[in-house]
Amino acid sequence: MGAPDRLILMAVTWVFAVSPTTLHGQEQVPHALPGRIMGQLIDAATSEPIVDAEIRLLGTALQRSFTDGSGRFSFPSVARGVYEIEVRHLGYGSGRELVNVPEGETVHLELGLEASAIALDSLVITVDARPSRLADVGFIARQRAGWGDFFAGEDAVGWKIEHNLLSIPRVEVTGRAERRVLIRHPLFGPCIPEVYLDGILQRWAEGNITAVVAGLELDAVEVYRGITTPPEFQSSLASRPCGAIVLWRKTY
């Protein structure tokens with residue numbers, strides 16, 4: 001596959017879901033059911049779990065996950081297709097492997113990554129002891145949990161915000177001068193997500209992303225749809241949550 005190539009597919013299994021065409025012995029109208037990827041990343045030599053590795057699912061829309069203390073990672077909602085998984089870790093370098101995700105099924109992966117020696121020549125490292133703001137507000141923990149879509153750094157700047165929003169299934173951006181976000185709820189149709197800025201609900205926004213971000217420099221964006229929305233981003237007035245767009249400003 002060419003460099004990088006140190007990722008080793010150790011094992012793969014599928015857990016088959018019930019097909020909607022054979023439910024209760026009756027023929028049903030087929031639906032495109034998302035699949036799921038559950039995996040573990042280990043050291044190929046020692047079989048020890050590799051912690052805090054970044055896992056990227058490369059396809060029509062980039063998805064990210066991070067390995068936990070057991071080396072486990074997940075992508076809870078993946079459209080049917082063949083994807084390339086990219087793994088990155090400072091002590092191991094990077095590697096890639098292909099995975100086929102059938103419709104409505106769970107793919108279990110065990111990936112092994114070989115350690116790589118990194119030569120450092122006249123490198124001076126300065127450590128900033130201040131805690132990360134995104135970690136303080138829970139962004140990193142929610143990103144690792146993998147229940148939403150997350151954009152940070154350059155991906156949260158200017159026109160890229162709308163571009164990334166449009167890459168998320170069931171998310172629409174409408175209007176011209178005022179760009180409003182809508183989420184297509186599977187039961188209730190299009191609905192307006194709540195908008196939070198620095199953790200504070202913007203009740204006036206009504207999905208108007210243009211008005212909220214005008215003149216601001218953003219550090220990160222979180223997007224949630226339906227019941228996967230964390231409780232802290234569901235207003236007390238929401239009886240059936242549509243979702244939430246959570247914006248975090250840069251701090252200097």
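The values are calculated or read from the model by the stated rules, or taken from the named source; none is laboratory data. Keep in mind the model is a prediction, meaning the values are calculated, not measured. So basically every Cβ, Gly included, is an ideal-geometry build from the backbone, and we count neighbours across all protein chains shown.
Checked against (1) out of contact with any Asp or Glu (no Cβ under 9 Å at 6 or more places or on another chain); (2) at pLDDT below 65, Val15 passes all but a single condition, namely (1).
For the structure I just gave you, tell me whether Ile140 is assigned to a loop (DSSP other than H, G, I, E, B) and within 30 Å of Ser70 (Cβ to Cβ). Criteria not met by Ile140. Yes or no: the stretch 160-179 includes at least one residue that is surrounded by 14 or more Cβ atoms within 10 Å (Cβ to Cβ), farther than 23 Å from Leu134 by Cα and in contact with a Ser or Thr (Cβ under 6 Å, 6 or more places away or on another chain). Yes - at least one qualifying residue is present in the stretch 160-179. Name the residues in the stretch 180-205 that are in contact with a strand residue (DSSP E or B) (Cβ under 8 Å, 6 or more places away or on another chain), farther than 21 Å from Ser167 by Cα and in contact (Cβ under 8 Å) with a residue 24 or more places away in the chain, would you? Residues satisfying the conditions are Leu197, Asp198, Gly199, Leu201. Tell me yes or no: at least one residue of the stretch 75-86 is assigned to a strand (DSSP E or B), farther than 14 Å from Gly35 by Cβ and of a type in the set (A, V, I, L, M, F, W, C). For the stretch 75-86, residues assigned to a strand (DSSP E or B), farther than 14 Å from Gly35 by Cβ and of a type in the set (A, V, I, L, M, F, W, C): absent. None of Leu216, Leu187 is within 30 Å of Arg80 (Cα to Cα) and hydrophobic (A, V, I, L, M, F, W, C) except Leu187. Can you confirm whether Ile245 is touching a Phe, Trp or Tyr at 6+ places or on another chain (Cβ under 9 Å) and either part of a strand (DSSP E or B) or surrounded by 21 or more Cβ atoms within 10 Å (Cβ to Cβ) (or both)? In short, yes. The condition of being acidic (Asp, Glu), over 23 Å from Ala152 (Cβ atoms) and assigned by TED's automatic domain parsing to the domain that holds Met38 holds for Glu105. Filtered by the rule that a residue be surrounded by 14 or more Cβ atoms within 10 Å (Cβ to Cβ), closer than 22 Å to Ile227 by Cβ and modelled with pLDDT of 85 or more, the stretch 185-204 gives Cys191, Ile192, Pro193, Glu194, Val195, Tyr196, Leu201, Gln202. Of the listed requirements (1) part of a loop (DSSP other than H, G, I, E, B); (2) modelled with pLDDT under 80, Glu103 misses just one: (2). Counting just the residues of the stretch 56-74 that are at pLDDT below 90, part of a strand (DSSP E or B) and hydrophobic (A, V, I, L, M, F, W, C), which one comes out nearest to Gly148 (Cα to Cα)? Per the stated criteria, the residue is Leu57. Here Phe151 fulfils each of the conditions (1) among the aromatic types (Phe, Trp, Tyr); (2) in contact with a strand residue (DSSP E or B) (Cβ under 7 Å, 6 or more places away or on another chain); (3) at pLDDT below 80 apart from (3).
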